[in-house]
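Working notes, beginning with the structure itself.
The values are calculated or read from the model by the stated rules, or taken from the named source; none is laboratory data. What you see is a predicted model, and the numbers here were worked out from it, not measured in a lab. Methodologically, a virtual Cβ is constructed for each residue, glycine included, from the backbone with ideal geometry; neighbour enumeration extends over all protein chains shown. We work out accessible area using only protein heavy atoms, side chains counted, and drop any ligands, DNA or RNA first. Shrake-Rupley method; radii C 1.70, N 1.55, O 1.52, S 1.80 Å.
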Amino acid sequence: MKGLKERAVQVARRAAKSAAAVALHYTGAQELIAGVQRRAVGGVRVLIVSYHRVVGNLRLENERALPTLNIARDTFRKHLEVLCETHEVVRLDDALEVLSGKRGTRRDLAVITFDDGYRDVYDYAFPVLRDMKVPAVAYVPSAFVGTQKRLAHDRLWSALKTMERRHLGPMAVGVGSACEGLLVRAFDGATTANKVLEGLIADNPTPVLYGLVEVLEDRLRIDRTEAPRGQMPMTWEMLREMAAYGIETGAHTAEHTVLTNQTLDEARREIAACKSTLENGTGRPVRHFAYCNGWYSAGVAQALRAEGFVSAVTTEDMPNMPGVDPYALKRKVLWEMSSTDVFGRWSKALAACQFNDIFGMLALTKPVLGARPTRFGRPETATADGASAGAPAFQNARGAS
């Protein structure tokens with residue numbers, strides 16, 4: 001019953017948002033609201049958008065992999081077409097120069113990014129970007145490039161969906177007391193596999209997640225060799241080819257690690273290993289970083305500075321204004337449902353409202369902040385600017401008001 005109520009609320013919200021988008025877009029109110037916001041922040045806004053998997057067969061991939069990571073190739077192209085109408089799409093380095101005040105711009109800027117290094121970014125997103133001559137950044141977990149390894153969240157989602165199909169609860173699956181305790185806590189109050197997965201990622205260090213999924217796969221007799229091709233990592237050759245067409249390689253830790261769930265020493269090792277491996281493999285400098293799960297702390301940002309990174313992106317859904325902390329850049333995560341109406345149809349009005357942050361400005365959406373203390377190991381020390389690294393102490397963590 002609780003799940004049905006949640007579903008009904010979601011449908012109602014989508015219907016209301018779709019209706020509002022159509023009204024705002026086709027009356028011109030959207031452009032007026034965006035113009036007011038632009039003037040209020042000094043004439044410059046930078047939108048950074050994030051995708052994960054761009055897929056050829058959306059229905060098939062939604063059945064066998066986490067749907068909230070997927071966007072159809074045709075929808076992705078439509079996103080870029082609308083975005084090129086509303087923004088100037090630029091390299092991240094160009095956007096950073098504008099945000100720091102080193103140069104100006106007459107239009108809002110946009111930056112395209114991808115997380116996790118999935119192979120179907122090469123198969124389906126790269127041809128679109130190349131044809132449209134649009135630059136981007138692909139943030140990659142270095143330990144996966146050129147291997148057959150799969151990310152923990154993909155494997156866990158598959159295991160949780162298998163439990164769901166077999167009607168197995170956290171105790172019935174029979175994984176032993178330690179793993180059972182992790183599952184019981186994650187299942188508490190969660191109504192979907194997605195929610196259970198969110199709880200597991202939020203509460204556990206990355207090595208614990210891999211240990212849990214190994215036990216689940218063994219217990220459920222899941223064949224680890226069976227996985228969608230597009231869910232596998234890109235190769236070094238793919239990354240080098242994309243770089244030649246303006247798709248830069250960025251860092252996303254070594255093992256796809258949520259750094260605030262590790263000790264600061266472990267976070268430093270992840271950051272250093274990732275940068276070194278990616279630079280050796282691509283033959284190019286790696287200067288931009290994406291926080292896994294969007295979570296960060298001042299201590300982690302300080303470690304990035306020390307390794308020579310010049311920026312880091314979160315998943316805090318807000319536009320970036322001049323003066324934003326370059327190690328706490330805001331980013332809008334998009335997937336197929338971001339621009340489809342309540343009937344599942346493509347909506348240009350919804351896409352344009354998303355890109356112009358209309359829903360955020362009207363308080364119809366509320367961003368989830370990523371700044372948080374490190375939860376495991378010893379407390380972090382104070383940063384060079386005097387802020388406590390163990391607390392969400394970034395000056396611009398909440399964005400300009």
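Numbers for the structure displayed
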quantity: Fraction of accessible area attributable to carbon and sulfur, the stretch 250-341 (%, probe 1.4 Å); calculated: 48 percent
quantity: In range of the label at residue 305: residues from the stretch 322-357 whose backbone nitrogen is under 16 Å from the point 7 Å along Cα→Cβ; calculated: 323-329
quantity: Longest to shortest principal axis, alpha-carbon extents of the stretch 222-325, angstrom; calculated: 42, 37, 28
quantity: Where a label projected 7 Å from the Cα of residue 147 along Cα→Cβ would reach, residues of the stretch 264-302 with amide N under 20 Å; calculated: 266-283, 290-293
quantity: Prolate/oblate/rounded call for the stretch 200-263, Cα gyration tensor, a/c under 1.5 rounded; calculated: oblate
quantity: Hydrodynamic radius by Kirkwood, which averages 1/r over all alpha carbon pairs of the stretch 124-182, in angstrom; calculated: 15.1 Å
quantity: Candidate aspartates and glutamates for bridging to residue 102, where Cα separation is under 12 Å - those fewer than 8 sequence places away on the same chain excluded; calculated: 93, 94
quantity: Largest-first ordering by accessible area, 1.4 Å probe, given options 213, 342; calculated: 342, 213
quantity: The stretch 90-142: C-alpha gyration tensor shape, a/c 1.5 cut-off, then a/b vs b/c; calculated: oblate
quantity: Fraction in percent of alpha-carbon pairs per bin - 10 Å, the stretch 64-186; calculated: 10, 29, 25, 19, 13, 4, 0
quantity: Spin-label pair residue 343/residue 177, simplified geometry with 7 Å Cα→Cβ offset, distance in nm; calculated: 5.7 nm
quantity: Contour minus Cα-Cα distance for residue 81 and residue 60 (0.36 nm per residue); calculated: 5.0 nm
